[in-house]
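The values are calculated or read from the model by the stated rules, or taken from the named source; none is laboratory data. Please read these numbers as outputs of a predicted model, since none were measured by experiment. Methodologically, a virtual Cβ is constructed for each residue, glycine included, from the backbone with ideal geometry; neighbour enumeration extends over all protein chains shown.
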Amino acid sequence: MIEKNEALIDEQIDISEDICRMENLVYEKPETLTDTEMHYCPGCGHGVAHRIIMEVVDELGIQSQTIGVAPVGCSVLAYHYMNIDMQQAAHGRATAVATGIKRVLPEKFVFTYQGDGDLAAIGTAETIHSINRGENFLIVFINNAVYGMTSGQMAPTTLEGMVSTTSPYGRDVRTMGHPLKIADMISILPGAYYVTRQAVNTPGNVRKAKKAIQKSFEYQKLKKGTCLVEIVSNCPSNWKSTPLESNKFVAEKLIPFYPLGDIKVPKE
Ligand SMILES: Cc1ncc(C[n+]2csc(CCOP(=O)(O)OP(=O)(O)O)c2C)c(N)n1
Ligand code: SF4
């Protein structure tokens, strides 16, 4: 049995040595991502969202001109992974910190990266007022419908009937309020220039989300106002699901309530 296993391992090594050649390379990590191993749970959308933002920074050649603001939440260590200048903000205060950075360094490309607890609960005031002022930066808003880092409490974005640690019988909108559609809400503010909702649950959606981030960085050059890219994501650990099941939940439950696509596009 041991001999058989060893033969199998040898065969697999031969195959992988054959495949792992430079000429077969289909994807390379951009320089804008560090070599640090990410701490995210298997299947979590945060890693994918980090990658597409950094790929855009890489492709636009703006690594040395970009400053990110990390939130409090599971992505609190984003500055370990994104190989750019970054500033950590207190919970919910990312857009206030970004306001200061962008005003002092207006030629830099500035973005915040925030979860729904960070942006839509404790940071609601900062979010609304920064956008209302038309601060010229990008907000990347990760909507996974729970407070991930602190073990899955109800967030403003939690769906009606959805179970969380603080809504164990499901969110009852009569006492807990309705799920907040932040992107729709802020799109009516004159300071919002481009608002879109995307997702990272399928390869096609990842590509579209990346395109939205690319457009937002390009719009930042025009100095017309705030861009917000909401990314509907998952939290397999707190949803008590496998990565695959969590992506199914995104497709079947979250996206029907949070439809994907542009909500506000710049006038020609
Ligand atoms: C002022 C303050 N209040 C509360 C906390 C505790 N806290 C840390 S992360 C977090 C929730 C994060 O959830 P979310 O923003 O949705 O991000 P996720 O972890 O899901 O990516 C909370 C409440 C804190 N760190 N600081
Ligand atoms: S707890 Fe949820 S949001 Fe946080 S890393 Fe794990 S899967 Fe991702």
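Listing for the model above:
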read-out: Answer from 165, 175, 158 - the residue that is polar (S, T, N, Q), without any contact (Cβ under 8 Å) to a residue 24 or more places away in the chain and surrounded by fewer than 21 Cβ atoms within 10 Å (Cβ to Cβ); value: 175
read-out: Residue tally, condition in a helix (DSSP H, G or I), within 12 Å of ligand 2 (Cβ to nearest atom) and touching a strand residue (DSSP E or B) at 6+ places or on another chain (Cβ under 6 Å), over region 109-135; value: 2
read-out: Flag for residue 180 being in contact with a Ser or Thr (Cβ under 7 Å, 6 or more places away or on another chain) and either more than 16 Å from ligand 2 (Cβ to nearest atom) or under 27 Å from residue 40 (Cα atoms) (or both); value: yes
read-out: Pick from region 234-248, criterion among the polar types (S, T, N, Q) and within 14 Å of residue 165 (Cα to Cα), ranking: nearest to ligand 1 (Cβ to nearest atom); value: 238
read-out: Residue check for residue 180: surrounded by fewer than 20 Cβ atoms within 10 Å (Cβ to Cβ), in contact (Cβ under 8 Å) with a residue 60 or more places away in the chain and touching a helix residue (DSSP H, G or I) at 6+ places or on another chain (Cβ under 8 Å); value: yes
read-out: Pair list, Cβ under 8 Å, 6 or more apart: region 96-118 residue at pLDDT 95 or above, other residue within 16 Å of ligand 1 (Cβ to nearest atom) and of a type in the set (D, E, K, R); value: 96/126
read-out: Test: residue in region 29-41 that is among the basic types (Lys, Arg), more than 13 Å from ligand 1 (Cβ to nearest atom) and surrounded by fewer than 20 Cβ atoms within 10 Å (Cβ to Cβ); value: yes
read-out: Checking residue 94 against (1) surrounded by 21 or more Cβ atoms within 10 Å (Cβ to Cβ); (2) under 13 Å from the mean Cα position of the chain (by Cα), the condition it does not meet; value: (2)
read-out: Selection count where residues are touching a strand residue (DSSP E or B) at 6+ places or on another chain (Cβ under 6 Å) and surrounded by fewer than 21 Cβ atoms within 10 Å (Cβ to Cβ), scope region 136-155; value: 1
read-out: Residues of region 135-156 that turn out to be near ligand 1 (Cβ under 9 Å from one of its atoms), of a type in the set (A, V, I, L, M) and under 17 Å from residue 171 (Cβ atoms), as a count; value: 3
read-out: Filter result for the condition that a residue is farther than 18 Å from residue 226 by Cα, more than 16 Å from ligand 1 (Cβ to nearest atom), in contact (Cβ under 8 Å) with a residue 12 or more places away in the chain and touching a helix residue (DSSP H, G or I) at 6+ places or on another chain (Cβ under 9 Å), over 83, 132; value: 83
read-out: Unique match (being closer than 23 Å to residue 113 by Cα and at pLDDT 95 or above) among 196, 242, 165, 175; value: 196
read-out: Region 57-74 residues that are on the phi > 0 side of the Ramachandran plot and outside any helix (DSSP H, G or I), paired with ones that are at pLDDT 95 or above and acidic (Asp, Glu) (beta carbon under 6 Å, 6 or more apart); value: 73/118
